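A quick write-up on the structure given underneath.
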Amino acid sequence: MTDWLGLPALASAHGGQIDSLIGWTHVFMLILFVGWGGFFAYCVVRFRRSRHPVASYTGTTSHTSSYLEIGVAVVEAILLVGFSIPLWAARVDRMPPESESLVVQVTGEQFAWNVHYAGPDGRFGRTDIKLLDLQANPLGLDRSDPAAKDDVTTVNQLNLPVNRPIIVRLRSKDVIHSFNVPEFRVKQDAIPGLTIPIWFVPNVTTAEMRTRTENPEFQYEIACAQLCGLGHYRMRGFVTVLSAEDFQTWIDERIQEEAELDIFQ
Ligand SMILES: [Cu+2]
């Protein structure tokens, strides 16, 4: 079903559930559409003018429709309390343990995505608005803070290891942006003044997806999904999902590079 709905390729552990939810929603809406469409056609014929030349001013006197409405409200309450709220609690509120996950801070700005890794110490270095420099230090990271020594920052490029829970702490410097990676079935607004955590497990590497889609240039994209200003259209980042080893190699190299930069400063 998801094939003919034209959904993007799937690349996260929880995404299948979202797709089946989208599929079922379509099935239920189709049933409703056919049901109500049929009822409408029935009414048009049943209450046609030639059979009912004068309007009925009393209308129906039975209470069936009221009971039906109460029934619908009860079923909806059961769906909400019995299914939606527990699902939301399990999927959104309950984060995987940080010790088993990779925690990344992603900060939106007009018009870029700033990515911040804590490095091996697992602690994010202090950031200070006074150190903010749009070119050299877009996050205002204080390199003199010991926790910042091994931090890695990138712009518009989020590298992730495959099959490991990722916790993204979403922030924004200016206006509301939205972090959307369609293949992961992830979309969350980034709101100035708030740090919003989201989590997912990417389970297809970029290399694997390139073979699967037969597109050697395939890239996962972070598309800003909230109209955020004149440059919104070009607020685009890339996600590269690497094997655990490749990710480790990459981050080690970056830590090395940043350390060398520090020496020259
Ligand atoms: Cu944006």
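What the table below lists for this structure:
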{"read-out": "For the chain, size of Cβ-based charge dipole, Lys and Arg +1, Asp and Glu -1, in debye", "value": "1840"}
{"read-out": "Among L134, L230, L68, residue whose mean-square fluctuation peaks in a GNM of the chain (springs only between Cα atoms under 10 Å)", "value": "L68"}
{"read-out": "Qualifying aspartates and glutamates (Cα of each under 17 Å from Cα of K149; at least 8 residues distant if same chain)", "value": "D121, D128, D252, E253, E257, E258, E260, D262"}
{"read-out": "Debye intensity ratio I(q)/I(0), log10, the stretch 34-178, q values 0.22 Å⁻¹ (C-alpha model)", "value": "-1.37"}
{"read-out": "Nearest-ten-degree value, helix 244-264 long axis tilted from longest Cα axis of the chain", "value": "50"}
{"read-out": "Over the stretch 99-264 - Rg/Rh using Cα atoms and the Kirkwood inverse-distance radius", "value": "0.95"}
{"read-out": "Packing rank of 241-253, 173-185, 149-161, 50-62, where each peptide gets the mean count of other beta carbons within 10 Å, highest leading", "value": "173-185, 149-161, 241-253, 50-62"}
{"read-out": "Cα centroid separation - the stretch 1-69 against the stretch 162-217, whole Å", "value": "34"}
{"read-out": "For the chain, built as a Gaussian network whose Cα springs stay under 10 Å, the top-fluctuating residue of P146, P197, P86", "value": "P86"}
{"read-out": "Residue-normalised accessible area of the chain, expressed per residue, 1.4 Å probe, Å²", "value": "63"}
{"read-out": "Heavy-atom accessible surface of the chain: percent carbon and sulfur, 1.4 Å", "value": "62"}
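The values are calculated or read from the model by the stated rules, or taken from the named source; none is laboratory data. What you are looking at is a predicted structure, and each value in this text was computed from that prediction instead of being measured. When we count neighbours, we look across all protein chains shown, and the Cβ atoms used for this are built from the backbone with ideal geometry, even at glycine. Note: accessible area is taken over every heavy atom of the protein model, side chains too, but ligands, DNA and RNA are not part of it. Shrake-Rupley method; radii C 1.70, N 1.55, O 1.52, S 1.80 Å.
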